[in-house]
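The values are calculated or read from the model by the stated rules, or taken from the named source; none is laboratory data. The shown structure was predicted, so the numbers you read here are calculated from the model rather than taken from an experiment. Here the Cβ positions follow ideal geometry from the backbone for every residue, glycine too, while neighbour counts run over all protein chains shown.
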Amino acid sequence: MAKAPRYDDSLTIALLRARDAVTAQFRDHVGAAGLTLQQWRVIRALAGGTALDTTTLARRCVILAPSLTRIVRHLGESGLVETLASHDRRQRVIRLTPEGEALFTEIWKVSEQKYAAIEDAFGKDELRDLVISLNRLRACLEPDRAIGDASA
């Protein structure tokens, strides 16, 4: 039997720790705008006039459907998203309101600076290669899913 890697060298732990380190860079300014990181992911996925059905939105944002329902309800009550008429009554289509777009623009200005700082610290090419490698890893493990589903 092969020896297990050192705990700190395991893929799952390395990924979890990297995720925590990266998301920590965004938590404060997103929270200062009154949003959770999950709510921010929804707003970011819808930015620029993109309207998405809830199934696609949940998959893209890596959020379970019941959680997405609560998030969309809260964002709707806050005037940041709206539900559009859909040809499929079983599916809801969501988009940002002008207020939601304005909030995205405000938060994105700081997020952009955070991404630049991460690139400076890690290396722009290395970061691009890491994202490509992680997307390839996911594609190998979930071949039925499209690479762009979880864009952040």
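Residue pairs whose Cβ atoms lie under 7 Å apart, sitting 6 or more positions apart in sequence or on different chains, and linking a residue in the range 55-82 that is under 11 Å from Val42 (Cα atoms) to a partner that is assigned to a helix (DSSP H, G or I) and of a type in the set (Asp, Glu), are Arg59/Asp149; Arg60/Asp149; Leu80/Glu99.
Among the numbered conditions (1) more than 15 Å from the chain's Cα centre (by Cα); (2) touching a residue at least 24 places away in the same chain (Cβ under 8 Å); (3) assigned to a loop (DSSP other than H, G, I, E, B), the only one that Ala2 does not meet is (2).
Taken over the range 22-50, residues that are modelled with pLDDT under 95 and not in a helix (DSSP H, G or I) amount to 1.
In the range 25-37, the residues that are without any contact (Cβ under 8 Å) to a residue 60 or more places away in the chain form Cβ pairs under 9 Å with partners that are in a helix (DSSP H, G or I) and among the hydroxyl-bearing types (Ser, Thr, Tyr), at six or more places apart or across chains, as follows: Leu37/Thr23. Taking the range 7-52 as the search range and keeping residues that are within 17 Å of Arg70 (Cβ to Cβ) and small (Gly, Ala, Ser), which one is surrounded by the most Cβ atoms within 10 Å (Cβ to Cβ)? Per the criteria, the residue is Ala45.
Selection over the range 87-136 of residues that are surrounded by 14 or more Cβ atoms within 10 Å (Cβ to Cβ) and either over 22 Å from Trp40 (Cα atoms) or of a type in the set (Ser, Thr, Tyr) (or both) gives a count of 3. Might you let me know whether the range 111-128 holds any residue that is more than 24 Å from Ala32 (Cα to Cα) and among the basic types (Lys, Arg)? The answer is yes, given that some residue of the range 111-128 is more than 24 Å from Ala32 (Cα to Cα) and among the basic types (Lys, Arg).
Quick grid of which residues meet (1) touching a Leu at 6+ places or on another chain (Cβ under 8 Å); (2) modelled with pLDDT of 95 or more; (3) not in a helix (DSSP H, G or I):
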site: Asp20; (1), (2), (3): no, yes, no
site: Gly79; (1), (2), (3): no, yes, yes
site: Ala102; (1), (2), (3): no, yes, no
site: Glu119; (1), (2), (3): yes, yes, no
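For the range 137-147, residues that are more than 22 Å from Trp40 (Cα to Cα) and either part of a helix (DSSP H, G or I) or modelled with pLDDT of 95 or more (or both) total 5.
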